[in-house]
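A short worksheet on the structure shown next.
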Amino acid sequence: MWIDLDGLANLRDVGGIPTTDGGKIIPGRLLRSDNLQTLTTSDVDQLLGLGLSDVIDLRSDYEAEREGPGPLTGTDVRIHQFSLFREWEIGVGETKPDVRPEVLPEEALPWVDLEPSVQLDNEVASVYFSYLVDRPDSVLSALRAVAGAPGTALVHCAAGKDRTGTLVALALSVAGAEPQAIIDDYAASSERVEQVVGRLRASPTYAGNLEGRPISSHLSHSETMISFLRYIDDTFGGVLPMLIKMGWTADDSKLRS
């Protein structure tokens, strides 16, 4: 369900998505969106009115530092930042070093043609699965933040379609959502792609990175999520078995449909 705010182009509630047991994902439990930096005061009030308690920010450290504090800073909303890019060479259970290595900014931005860590039959799906290979710490921590949110959780990155789409697909899978519904939710970002890209082109952080890239390159194709989920099914027997192999536990399974 789309939620229209002045400062966002790709905000929606995944509530109402059908589950495999005949139920539905509870509305107001999980929102997904693009970058929150341009939220207006009215937008903030509306999000707080929806019961927003936690924001899961999947932008890289470079993006977050470059953009600066967001409009929700200073509210009671808890902000969790978990980069899905290869900014740190750490594994599950390890902590960030006191001094991080130098990272080229272009490697910490979306839409950069870096070699993925895993090659699937779909190029974009390869990038998505590389998030899990490169940053299992962030993937598990982000899912735990969603599961443990006392109110509404909101997941976002820059455009709200790739990193956000990957994390939300995993969360919905854990919650028992119908696979086709997960695919349809992912693909829905294409409906707002022009507005999303227009917003990001107005930001110095992303403008140069977007130059020369056609709108068609930003579409969320169903085939991408199909490839991503099929690879997980074929390799691990499903999302939950994969997450358990990564370190997910029974205590972590608090997502409710």
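What follows draws every value from the coordinates through simple rules; no lab data is involved. Everything numeric here is computed off the predicted structure, so don't read it as measured data. Because the Cβ atoms are built from the backbone with ideal geometry, glycine has one as well, and the counts that use them run over all protein chains shown.
List every residue whose amide H lies under 5 Å from the amide H of VAL155, counting only residues 5 or more places away in sequence or on a different chain, with H placed 1.01 Å from N in the peptide plane.
Under 5 Å from the amide H of VAL155 lie the amide H atoms of LEU31, ARG32, SER33, ILE56, each far enough along the sequence or on another chain.
Among SER138, SER53, rank each residue by its count of other Cβ atoms within 10 Å, from fewest to most, as a rough exposure measure.
Details: SER138 25, SER53 16.
Fewest to most other Cβ atoms nearby, the residues stand as SER53, SER138.
Compute, for the chain, the length of the dipole vector about the Cα centre, with Cβ point charges of +1 (Lys, Arg) and -1 (Asp, Glu) only. Units Debye, rounded to 20.
On the way: 22 positive and 39 negative charges, 113 e Å.
With only Lys, Arg, Asp and Glu charged at Cβ, the dipole is about 540 debye.
Arranged by the count of other C-beta atoms within 10 angstrom, fewest first, what order do TRP248, TRP2 take?
Ascending Cβ contact count within 10 Å gives the list TRP2, TRP248.
Please list the non-local residues whose amide H lies under 5 Å from the amide H of ARG78, H modeled 1.01 Å from N, same-chain partners needing a gap of 5 or more.
ASP54, VAL55
Just from its helices, what would the mean residue ellipticity at 222 nm be for the chain, if runs of 4 or more DSSP H residues each count -39500 (n - 2.57) and the sum is divided by every residue, rounded to the nearest 500 deg cm²/dmol?
Result for the chain, helices only: -11500 deg cm²/dmol.
Distance from the Cα centre of the stretch 198-257 to that of the stretch 181-196, in angstrom?
Computed from Cα coordinates, the inter-centre distance equals 12 Å.
For the stretch 3-19, take each phi angle, set θ = phi - 60°, evaluate the Karplus expression 6.51 cos²θ - 1.76 cosθ + 1.60, and give the result in whole Hz per residue in order, putting x for glycine and proline.
10, 9, 10, 4, x, 9, 10, 10, 9, 8, 9, 7, x, x, 5, x, 10
Can you tell me what share of the DSSP beta bridges in the chain is antiparallel? A percent to the nearest 5 is fine.
30
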